[in-house]
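**Student:** Below is the structure I would like to discuss, written out as structure tokens.
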Amino acid sequence: RHLPLACFRTRRLVAMAASTNKTDSLAALLTRLDVEPKFHEIIRELCGGEQCYLNDIEPEDLQGQCAGDSTVIALPVARGLVRKLSVALTDQVGLDKLGRQTPVMAQLANPASGSDVGSSQIYPAAQARSPLQASLWRGAGDEADSLRCSLHGLVQHGFCSRRKVLTMLLDNSGSMRDAWPLVTEAVGRVVSEKLLADSSVSVAVLVYNTEAVEVAIPTPDVAGSLPETLRTRYAPRGITDFSSAFALARCIIDRQVGGFLSTGSKLEEVDVATLIFTDGKDTSAPPLGMASKAATEKAVDAGNEFRAWLKELGCASYTCTAAFGEHHDPEQCQRLSDRYRYINRSEVLATWLASDLGELLESAGQCSLHLELPPMLALEEPLPPALPLDTNGCLDYEVWLRLDNSLACRDQNAGDGATLKAVVRDSSGAAALCGTVELELAWQPKVGTLEARLFALDAAELRLRQIALELRGQRPSRCQLALLRERLVGAKVQVDHVREAAEALSSPCTGRSLLRLRLAELEQRRMRLSYALGHFDEDDQDTRCLGAVGIDAVLRDAAQHPPPSPGVVSALRRIEAARALPDLLVGDVLSDFGKQYAYDGPSRASAFEIAAAGDALFFPLTQGAEGPELASDLAPISFEAFQLLSDGGTRAVEATWACEAKPIISMLGPPVFVSASHFSRAQLFLPDVIRQLAPAETRIAADGAEKALLGVLGRALLVADRMDTTRAFAVFLAARAIYAVLQSRSSSDGREGSMLASAQKEADDFLKKPGLRSKSDLHRLAGAGLLVDAWSLEEFRAFGAALFAESARRAA
């Protein structure tokens, strides 16, 4: 009974704490991102005025909306705006796009380190359009001779006006009979209704065996019929003739590119993406149907001509080969492709579709990188001939270098004034970016920091790529095999300190989720190499036999430098966004009651220690009969700690740190509103928290998943018979946080104002319009009623009586 009174007395305090006017700063950010003023208002409504929610905006949210000049936003324009907004949380901070702190920003973060430490000089060349951001990092200990040069720069503007030509070459020769279901499944995933409805993408499919034939592409509304058409009308048969496939592909690509040019697009605005699916070698030279040297040479010549033609076309091109089975030629597949993937099971196909293909479709083109190294530096691994750009037209790439200490010993002045020069050329060959960095200014990350841990992970991945590169085409001796296994174990030991930090709950760890994702990817690559090594070991007890071609394919794939996975990119963005926020106000004074909820249960770290690590506290939820319930007698838990204990939210967690009962935590609920600075960090995790909460909340309104939190708040009142002062205060803190969350988000039900205003109106209608009560969710309404500002104490009492009466009526 005390909750309405407490909420009524402190409603002004809550409103002041939750509402800050960020209209001016948001408008300035949108202007800097080159977003036209006519779109500012609709974007402000979608993100609720909060910059941290800009990355949640999808093209579908903007499509069909009216801009400031009353024009309707089309899908291509919506996609272009989203591409611009996607850099809002990454370009404001001193991190390169792969999540490492740049030397200049590291110096600013550690002013005591000296004025010259870590400075990176960037000199744009006269012929280049813009400077290239370069940061040089040096390892410690065993990696003291290793340097990582991180490069970032805008090569060409954006995805907004770019056109995609996607051509799929499907091998349906007789030997593809077993793999054909996988191929048709892949085509069905790629050629979706959404892709076919996109006017900026042109899709074509051809099948080839003895001859090549183009497949008719269905309309978007029946996109799902394409896999069935391929299975029934184009069943595998005949031999494999790559030359016929490439010849038809050239005609199709030329037609598709011409179609975009006829609408006003330029060659440099068109990206040509080619997917090649095959399981075998060319068998089109006599004797037909048999692999031969003549057939291989014929295929190589056809492939080289196709690649040369793509280069001369004038468009950015990207080719990817997915090879099935034991009979394909890995060397030829890799020669034909920018990326080559061996598909030996459906799980690998799913991974490829989610990562490599996503990169292919979302890339804003390609570029090439050219380096001028001083004498004492050498490349650790060869540079690829072409590098993809991200959706914003930016290049993000790491170059690994090895310092030759023997030269440095012979000439102690060899490194004085030595500089590394980098030039990035666009698809036309013109110099787009140029930059230099002085070798003596290489920055060594401080032990125990996120940068040092990421460096260790990157170095370990490099060592694994080098092992794969050395093994390709080789048959190691027993002695060599033992050394390679030792190096594999060494790669794991090299990152043991990272694993210990990421899995230790005794203290906060910056970027815990990011480190765990990177560790999992590293271990997966290491295990694949270990599996490949086992095939060379006569004493190995593993009875699985991959075959020589399969081993070679695995090694070639493991030797490639893949882009960051979507999960890693998401975690990096969150870290970057947290570092861009204002400093924590450590001088905030907490009440005695507040101190009970201002620490993390598992680690006992304070809220400010948690926030300093880029994390935030949330109330834990247990699964009740009516839905997720607030565990009001349990200390909060940080987002990163819950992710670790629940294995990424996939299982419930027993609260072993609780003194008495050990409740089972099923998910996270509302954040703990400790201070405005802490809450700003909590908002970065809210999308992930809400995504997990919304499916569990069975009565979610269509006007915003965030309102699932209202049901949690309402169910907290079910324990009124056990509502002591401590629990009442916990519920009040949850109400305060939910108030702030809803006020920061715009309503998505067509009404003006925030989600908070929409929820308050629902509660007011329930009180004043009895005819609407039968359709209401009482738990959600109870939570909404606690957040109403305008009611008097008598109205709160009347609202409680109305809730009780409606509940009794339904129970009867």
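The values are calculated or read from the model by the stated rules, or taken from the named source; none is laboratory data. Since this is a predicted model, take the numbers as computed values, not measurements. Reconstructed Cβ throughout: ideal geometry from the backbone, glycine too, with neighbour counts over all protein chains shown. These area figures cover heavy atoms from the full protein model, side chains too; ligands, DNA and RNA do not enter into them. Shrake-Rupley method; radii C 1.70, N 1.55, O 1.52, S 1.80 Å.
Yes or no, residue by residue, for (1) in a helix (DSSP H, G or I); (2) among the small types (Gly, Ala, Ser):
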{"site": "243", "(1), (2)": "yes, yes"}
{"site": "274", "(1), (2)": "no, no"}
{"site": "277", "(1), (2)": "no, no"}
{"site": "285", "(1), (2)": "no, yes"}
{"site": "308", "(1), (2)": "yes, yes"}
{"site": "319", "(1), (2)": "no, no"}
{"site": "332", "(1), (2)": "yes, no"}
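**Student:** I'm told residue 438 meets every condition in (1) open to solvent by 30 Å² or more (accessible area, probe 1.4 Å); (2) in contact with a Ser or Thr (Cβ under 8 Å, 6 or more places away or on another chain); (3) at pLDDT 85 or above; (4) of a type outside the set (Lys, Arg) except one. Can you identify the failing condition by its number?
**Tutor:** Among (1) open to solvent by 30 Å² or more (accessible area, probe 1.4 Å); (2) in contact with a Ser or Thr (Cβ under 8 Å, 6 or more places away or on another chain); (3) at pLDDT 85 or above; (4) of a type outside the set (Lys, Arg), the lone unmet condition for residue 438 is (3).
**Student:** If you don't mind, another one. Can you confirm whether segment 644-664 contains a residue that is outside any strand (DSSP E or B), in contact with a Gly (Cβ under 8 Å, 6 or more places away or on another chain) and crowded, with 24+ Cβ neighbours inside 10 Å?
**Tutor:** Within segment 644-664, not a single residue is outside any strand (DSSP E or B), in contact with a Gly (Cβ under 8 Å, 6 or more places away or on another chain) and crowded, with 24+ Cβ neighbours inside 10 Å.
This table checks each residue for (1) among the hydroxyl-bearing types (Ser, Thr, Tyr); (2) loosely packed, with under 15 Cβ neighbours inside 10 Å; (3) touching a residue at least 24 places away in the same chain (Cβ under 8 Å).
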| position | (1), (2), (3) |
| --- | --- |
| 256 | no, no, yes |
| 259 | no, yes, yes |
| 278 | yes, no, yes |
| 322 | no, no, yes |
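**Student:** Would you mind telling me which numbered condition in (1) over 21 Å from residue 711 (Cα atoms); (2) in contact with a Ser or Thr (Cβ under 8 Å, 6 or more places away or on another chain); (3) open to solvent by 30 Å² or more (accessible area, probe 1.4 Å) residue 629 fails?
**Tutor:** (1)
**Student:** Restricting attention to segment 748-769, does a residue exist that is over 43 Å from the mean Cα position of the chain (by Cα), among the hydrophobic types (A, V, I, L, M, F, W, C), modelled with pLDDT of 85 or more and not in a helix (DSSP H, G or I)?
**Tutor:** no
**Student:** I'd like to verify a number: residues in segment 509-520 that are open to solvent by 30 Å² or more (accessible area, probe 1.4 Å) and either in contact with a strand residue (DSSP E or B) (Cβ under 7 Å, 6 or more places away or on another chain) or modelled with pLDDT of 90 or more (or both), how many?
**Tutor:** 3
**Student:** I'm trying to understand the selection: among the residues of segment 51-66, which are more than 20 Å from the chain's Cα centre (by Cα), modelled with pLDDT under 85 and either surrounded by 18 or more Cβ atoms within 10 Å (Cβ to Cβ) or small (Gly, Ala, Ser) (or both)?
**Tutor:** Listed by number, the list holds a single entry, 64.
**Student:** Looking only at segment 614-643, filter to residues that are among the aliphatic types (A, V, I, L, M), at pLDDT 85 or above and outside any strand (DSSP E or B); which one of those is nearest to residue 578 (Cα to Cα)?
**Tutor:** For segment 614-643, the residue satisfying everything is 616.
**Student:** Here's something else I'd like to know. Is it fair to say residue 237 is of a type in the set (Lys, Arg), surrounded by fewer than 24 Cβ atoms within 10 Å (Cβ to Cβ) and under 16 Å from residue 311 (Cα atoms)?
**Tutor:** no
**Student:** Could I ask something else about it? With respect to the numbered conditions (1) in contact with a helix residue (DSSP H, G or I) (Cβ under 6 Å, 6 or more places away or on another chain); (2) assigned to a helix (DSSP H, G or I), which one is the sole condition not fulfilled by residue 300?
**Tutor:** For residue 300, the failing item is (1).
**Student:** Output the number of residues of segment 127-148 satisfying the condition of being at pLDDT 85 or above and either of a type in the set (Phe, Trp, Tyr) or surrounded by fewer than 20 Cβ atoms within 10 Å (Cβ to Cβ) (or both).
**Tutor:** The number of residues fulfilling the criteria is 3.
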